[in-house]
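Undergrad: Quick one: structure below, then a few questions.
Please treat every number below as a calculation from the coordinates, not as lab data. All figures in this text were calculated on a predicted structure; none of them were measured in a lab. Note that each Cβ is placed from the backbone with ideal geometry, even for glycine, and that neighbours are counted across all protein chains shown.
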Amino acid sequence: MPKPESFPIEKIFVPTKQKKAIKPEIVGEIAESILDIGQQTPISVRLDGDRLVLIEGLHRLEACKALGETTIIGVLVPAELAQPKPLLAERPEVEAERVKMARLKQLRLEKEAAEASTAALKGAGATEASRTRLAKDVRDNPKASLSRTAKSKPKSLSDWITEQKGSGGRY
């Protein structure tokens, strides 16, 4: 295990991909902890030419910067061992879960669309059946007026009397 040592913060390069993962609330919590008890866990860096590249400890580094520190405690890791831990989003089990959830969402959406389509077809079939019955009733009953079969209301009393006379009904 490499021995912790002090590194100048300005010499530490943070890869762009890591910079995107900064969470200010975590930096604030770590800064408070460093003020109370000091830095307990060293960061990990590796050499890349004349600069140091951050491997692990982004929030600790940012907390020290926020506190105005010029140095930070860290360990120098050989380049061949400097494989950063994958971010949560890059871990295989997380990706597998994401794929599974996307597949389940797709299946749910397909099921809802099929149910909606079936309901629409049933509704259209019921409407078509009522039209067919209406047309059949009018065809089979020559005295039935289309407007009465469709259950429309006469506009006035005289219209109703006229309809009743036309259909042989009594008023």
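Undergrad: Which ³J(HN,Hα) values in Hz, rounded to whole numbers, follow from the phi angles of the stretch 97-106 under the Karplus curve 6.51 cos²θ - 1.76 cosθ + 1.60, where θ = phi - 60° and Gly and Pro get x?
TA: 5, 5, 5, 4, 5, 5, 5, 5, 5, 4
Undergrad: Thinking of the stretch 5-85 as a set of Cα atoms, what percent of all their pairs are more than 22 Å apart? It would help to have the intermediate numbers written out before the result.
TA: Numbers: 577 of 3240 pairs.
Roughly 18 percent, once rounded to a whole number.
Undergrad: Something else now. By average Cβ neighbour count within 10 Å, what is the ranking of 62-75, 13-26 from highest down? Can you show the working numbers first?
TA: Values: 62-75: 17.1, 13-26: 11.8.
With the highest mean Cβ count within 10 Å placed first, the list reads 62-75, 13-26.
Undergrad: With θ taken as phi - 60° and the coefficients 6.51, -1.76 and 1.60, list the Karplus ³J(HN,Hα) couplings across the stretch 30-45 in order, rounded to whole Hz; mark glycine and proline as x.
TA: 5, 4, 4, 4, 5, 5, 6, 10, x, 6, 9, 10, x, 7, 10, 9
Undergrad: What are the residues whose amide H is under 5 Å from the amide H of Leu52, where those residues sit 5 or more places off or on another chain and H is modelled from the backbone?
TA: It is Phe13, by chain and number.
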